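Here's the structure, in structure tokens; my notes come after.
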Amino acid sequence: METRRIDPVNCSVARALSVVGERWSLLIVREALDGARRFGEFHSRLGIARNLLATRLETLVTAGVMRRVPYQEPGDRQRFAYELTEQGRALRPTLVALLEWGDTYLADPQGPSVIVRHRPVDDASSCGEPVKVVLECAAGHSHLAPDDVCRTPGPGARFVESS
């Protein structure tokens, strides 16, 4: 009996991984979220080979995750800094989710090396407490367990026949 299933090639996960699925790409985004902007900063923080860093930065710029911004130190030639775009900043929940998973299953016995916190500021709207990613449906049901969610066809779904 043949059944229809969603075409795995027409998938936003696959598209996202084509941009940020390589290890260094998400680490570059992590460092940018923590304030790195210049090539040298990424290089020294990550210890990545210069040619590989240049390639990954170009991929992120081409994909719209980062943008190149010219700058020039006095007496030096023009260079470029790298800033996250809105699309790049929107990767923070992805990184927090990966961090949570890593802390749960891969952390050192002493515990996690980093804790993501609600940035403390001088107003009552933030508190400095740890942050976590929560699955929530459009009806407002939150803290859904992984087995409480499933994939269903969306408006852009394509189907393949399978037996």
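One residue is enough: does region 12-22 have a residue meeting the conditions out of contact with any Phe, Trp or Tyr (no Cβ under 9 Å at 6 or more places or on another chain), more than 30 Å from T152 (Cα to Cα), touching a residue at least 40 places away in the same chain (Cβ under 8 Å) and among the aliphatic types (A, V, I, L, M)? Looking for residues that are out of contact with any Phe, Trp or Tyr (no Cβ under 9 Å at 6 or more places or on another chain), more than 30 Å from T152 (Cα to Cα), touching a residue at least 40 places away in the same chain (Cβ under 8 Å) and among the aliphatic types (A, V, I, L, M), one finds none in region 12-22, hence no.
Does region 111-121 contain at least one residue that is open to solvent by less than 80 Å² (accessible area, probe 1.4 Å), part of a loop (DSSP other than H, G, I, E, B) and touching a strand residue (DSSP E or B) at 6+ places or on another chain (Cβ under 9 Å)? Within region 111-121, one or more residues are open to solvent by less than 80 Å² (accessible area, probe 1.4 Å), part of a loop (DSSP other than H, G, I, E, B) and touching a strand residue (DSSP E or B) at 6+ places or on another chain (Cβ under 9 Å).
Considering region 135-148, the residues that are surrounded by fewer than 10 Cβ atoms within 10 Å (Cβ to Cβ) and of a type in the set (A, V, I, L, M, F, W, C) include one that is nearest to L95 (Cα to Cα), namely A145. Candidates are the residues of region 28-39 that are assigned to a helix (DSSP H, G or I) and open to solvent by 40 Å² or more (accessible area, probe 1.4 Å); the one that is farthest from G156 (Cα to Cα) is F39. G102 passes every criterion in (1) surrounded by 10 or more Cβ atoms within 10 Å (Cβ to Cβ); (2) within 23 Å of R37 (Cα to Cα); (3) of a type outside the set (D, E, K, R) apart from (2).
The values are calculated or read from the model by the stated rules, or taken from the named source; none is laboratory data. Please read these numbers as outputs of a predicted model, since none were measured by experiment. We place every Cβ from the backbone using ideal geometry, glycine too, and count neighbours over all the protein chains shown. Calculation scope for accessible area: heavy atoms of the full protein, side chains included, ligands and nucleic acids excluded. Shrake-Rupley method; radii C 1.70, N 1.55, O 1.52, S 1.80 Å.
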